Protein chains: 4
Amino acid sequence: MSRISTTQKSRKMPSQERSRLTVDAIIQASTYILTEVGWKGFTTNAIAERAGVNISSLYQFFPNKEAIVAELQKRHAAEMSDELHKILQLVSLQGSLKQVLTLLVHMIVEKHKVAPAVHKAVLEEVPLTLKTSCSDADSQLRILFLEALKPFMQNVPNPELAIHIITVTAQALINNIIVERPKLLQGTEIVTELVALYEYYLERPTATTLP
Amino acid sequence: MSRISTTQKSRKMPSQERSRLTVDAIIQASTYILTEVGWKGFTTNAIAERAGVNISSLYQFFPNKEAIVAELQKRHAAEMSDELHKILQLVSLQGSLKQVLTLLVHMIVEKHKVAPAVHKAVLEEVPLTLKTSCSDADSQLRILFLEALKPFMQNVPNPELAIHIITVTAQALINNIIVERPKLLQGTEIVTELVALYEYYLERPTATTLP
Amino acid sequence: MSRISTTQKSRKMPSQERSRLTVDAIIQASTYILTEVGWKGFTTNAIAERAGVNISSLYQFFPNKEAIVAELQKRHAAEMSDELHKILQLVSLQGSLKQVLTLLVHMIVEKHKVAPAVHKAVLEEVPLTLKTSCSDADSQLRILFLEALKPFMQNVPNPELAIHIITVTAQALINNIIVERPKLLQGTEIVTELVALYEYYLERPTATTLP
Amino acid sequence: MSRISTTQKSRKMPSQERSRLTVDAIIQASTYILTEVGWKGFTTNAIAERAGVNISSLYQFFPNKEAIVAELQKRHAAEMSDELHKILQLVSLQGSLKQVLTLLVHMIVEKHKVAPAVHKAVLEEVPLTLKTSCSDADSQLRILFLEALKPFMQNVPNPELAIHIITVTAQALINNIIVERPKLLQGTEIVTELVALYEYYLERPTATTLP
DNA sequence: TATGAATGAGCGTTCATTCAT
DNA sequence: CATGAATGAACGCTCATTCAT
């Protein structure tokens, strides 16, 4: 399965104000189509038409369709990352594990409530084969999480793995809830449950051993 | 988003043995293409060619492409379900929570190791829009889990939600590990961690309350 | 400059009578467009439309545009080859060099008169990069020429090269005349000249040496 | 002072001088692309980018793509012509036919060896439909050839046609050899053969008649 | 019934060329 | 004037699906 590198010759970055608008229109149209129509309708022609720009203009700024998807993901990840960043720095040095966890989980859930459509679309519609590793944003995020939660860990043999498990499961669960049980997002139950899930996982009474 | 009815009944009940073989050939070819080539190569023509059946024959047994995907997922889910069924019945009445959890998680992990390609393909390649809710198989499974783990629960306000959380997170985590850290599957660490994650989540020392 | 092999997976050969007609229609339409419109108008869509077949049908029998060009050339070369074959076998064993040469050149010229449009189109319109080596037909032809003319050669150091030179120059000259001086084809002058050109080249009075 | 002159320059001369540079850059870029990439990559945008000039500037000096091709051919033809000019004037009045022919053919071959890439590109990549008749350069050249070789002709009924035949066939053969048998260019065999071909064609023992 | 042939709709992408600043 | 941005018109090609034998 040969894949063309997504980051090939990224077409000219817009230098004039005019083209900045064009690029924004394309991104906006892409977002709209992905969220409202889905991946099947996510065609370059449709995007250009919805953006009100010529298809060739689209290709002047994005070398191919994948690049649009990548940009979408990049922007989405950056948004999330920024916000998390701020909050993490605020809460990291104060409070109990439960308090910190509550804040973190609450924040994640809130973040997902804000733009659930985009989030869902990026996560659900884009074929996983096209997903950029997001490693930059993700790994940075995990480092922050690690630093914020490490002080509370007890008997955790592999803190980095624990953080990995937490972030992956939290993301997955919230996404699943968005899709399958959206009403749960409106209460606090889901936050409570996730805090409960992770609290004792990090503060283990004794080392976990197989009997 | 208008969707064409996905789950029309398969046009023809394979009453004869020949039909059964044809359908199997199609399913087998579909599986091969999905795992070895990916969703992009998953075209009805390609499937028919690989299956050695005429494209029209394919459409005699499957009303459209989605039906093939649905059948694939159905078979895959059924396979998993069956196995889980058996094991769950074996272990449900004996041992401690940790033992039961260990067995369950170990089993899930093992199951994923056996056919990771198919699993990954069904999970990663098929656009989520096409994913049948799998509610039949899944909900049955969750009932089994619920029955197996309920006796151990302490201070769990919503057992059904807890099971939901466990199954969703476990699936997600294992899938993530298959994709991003496949080497972890070879050791027992991941099982240990998941057991640790769920053990105290189900046997909570005291009711979880926000301070 | 990477080239994709032209002879990749040549699509299904037509087995039914119906598709034979389709292929013929495509070839005929291709010929028409190439001769009457030129390379610039030689698009697969135009060919299909002119042929009265669906564009997809075209691609059912030709893997890509190059394959159509190749088929065109193949058929054209085969036609020429066949005729030359026959005539060469007739004249090879009788007459003087001048007579044989006259027949050969006359035949080539006549052949070009018959289908000058196709010939010109294949030779002039198709970018040389797409020209198949034609080695099969051409080399066979040259072998025939060699056998027919070798008995007459005197003091020719490299008969095979001489044949190469003769065929290449004859082709080129006639093509040039078709394009630039078509009226010359109507008289016998051009035949006379070519015979004169080749006659003494093959029957050299003495070995050619540099003084 | 220098400032004034500079201003003057930048108003008048330099604009012409600049234009020249721009045109040269375009021509140079065109040559590069045609030789190194081929006709398929020969797009106005690519040319402008490679030349380091804006696409609109390109269209300020060339009304369309064809004009670039024409200029390319014109310059190439002029180059060849110039050189031939000089040599022809040198050799025309001395030596035997064989000597003159040898010099001429040798010169043509050498000329092709020098810039075979450009030559080949202009000849092979440009669709023949776009080829300018080159009549200016070519006909001038042929006149020179005619004057140089006419004194040696014996029993040649149509000297002008003979020259036409010689130039066309020589060009074609050498081009063919560049493409198909480039190794032949390294020896003298090809020169010898061409001289042999033309020598007796021009000095015919007796008038050529059909029996 | 099983098969080869057919097809409409559309996709991603390009390019020669022109506008507008 | 020079430049970045814009654009219309295609182009090569695919695919899910249906027809006709």
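The values are calculated or read from the model by the stated rules, or taken from the named source; none is laboratory data. None of the values given here were measured: they were computed from a predicted structure. Quick reminder, even Gly has a Cβ in these numbers, built from the backbone with ideal geometry, and neighbours come from all protein chains shown.
Go through (1) touching a residue at least 40 places away in the same chain (Cβ under 8 Å); (2) surrounded by 19 or more Cβ atoms within 10 Å (Cβ to Cβ) and name the single condition D:Val179 misses.
The number of the failed condition is (2).
Please go through (1) more than 14 Å from chain B (Cβ to nearest Cβ); (2) among the basic types (Lys, Arg); (3) within 16 Å of DNA strand F (Cβ to nearest atom) for A:Lys65 and return the number of the only condition it doesn't satisfy.
(1)
Of everything in segment B:183-211, what is part of a loop (DSSP other than H, G, I, E, B), at the interface with chain A (Cβ under 8 Å from one of its Cβ atoms) and modelled with pLDDT of 85 or more? Give them in sequence order.
Of the residues in segment B:183-211, the ones part of a loop (DSSP other than H, G, I, E, B) are B:187-188, B:204-211.
Of the ones still in play, those that are also at the interface with chain A (Cβ under 8 Å from one of its Cβ atoms) are B:188, B:204-205, B:208, B:210-211.
Within segment B:183-211, B:Thr188, B:Arg204 qualify.
Going by the conditions given, is A:Glu36 at pLDDT 80 or above and either surrounded by 14 or more Cβ atoms within 10 Å (Cβ to Cβ) or under 27 Å from A:Leu173 (Cα atoms) (or both)? Break it down stepwise before answering.
On the way: at pLDDT 80 or above: yes; either surrounded by 14 or more Cβ atoms within 10 Å (Cβ to Cβ) or under 27 Å from A:Leu173 (Cα atoms) (or both): yes.
When the stated conditions are applied, A:Glu36 passes them.
Under 9 Å by Cβ, and 6 or more places apart or on different chains, what pairs join a residue from segment A:41-57 that is among the polar types (S, T, N, Q) with one that is within 7 Å of DNA strand F (Cβ to nearest atom) and at pLDDT 95 or above?
A:Thr44/A:Ile55; A:Asn45/A:Ile55
So which residues in segment D:92-111 are surrounded by fewer than 17 Cβ atoms within 10 Å (Cβ to Cβ) and at pLDDT below 80?
Scanning segment D:92-111 gives D:Leu93, D:Gln94, D:Gly95, D:Glu110.
How many of the residues making up segment C:47-62 are buried (at least 18 other Cβ atoms within 10 Å of the Cβ) and more than 10 Å from DNA strand F (Cβ to nearest atom)? If you could, list the steps in order and put the result at the bottom.
From segment C:47-62, those buried (at least 18 other Cβ atoms within 10 Å of the Cβ) are C:47-48, C:50-51, C:53, C:58, C:61-62; that's our starting set.
Now drop any that are not more than 10 Å from DNA strand F (Cβ to nearest atom), which leaves C:50-51, C:53, C:61.
The total comes to 4.
Yes/no matrix, rows are residues, columns are (1) at pLDDT below 85; (2) away from DNA strand F (no atom under 16 Å from the Cβ); (3) surrounded by 16 or more Cβ atoms within 10 Å (Cβ to Cβ):
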{"residue": "B:Lys12", "(1), (2), (3)": "yes, no, no"}
{"residue": "B:Thr22", "(1), (2), (3)": "no, no, yes"}
{"residue": "B:Asn45", "(1), (2), (3)": "no, no, no"}
{"residue": "B:Leu72", "(1), (2), (3)": "no, no, yes"}
{"residue": "B:Ala78", "(1), (2), (3)": "yes, yes, no"}
{"residue": "B:Ile87", "(1), (2), (3)": "yes, yes, yes"}
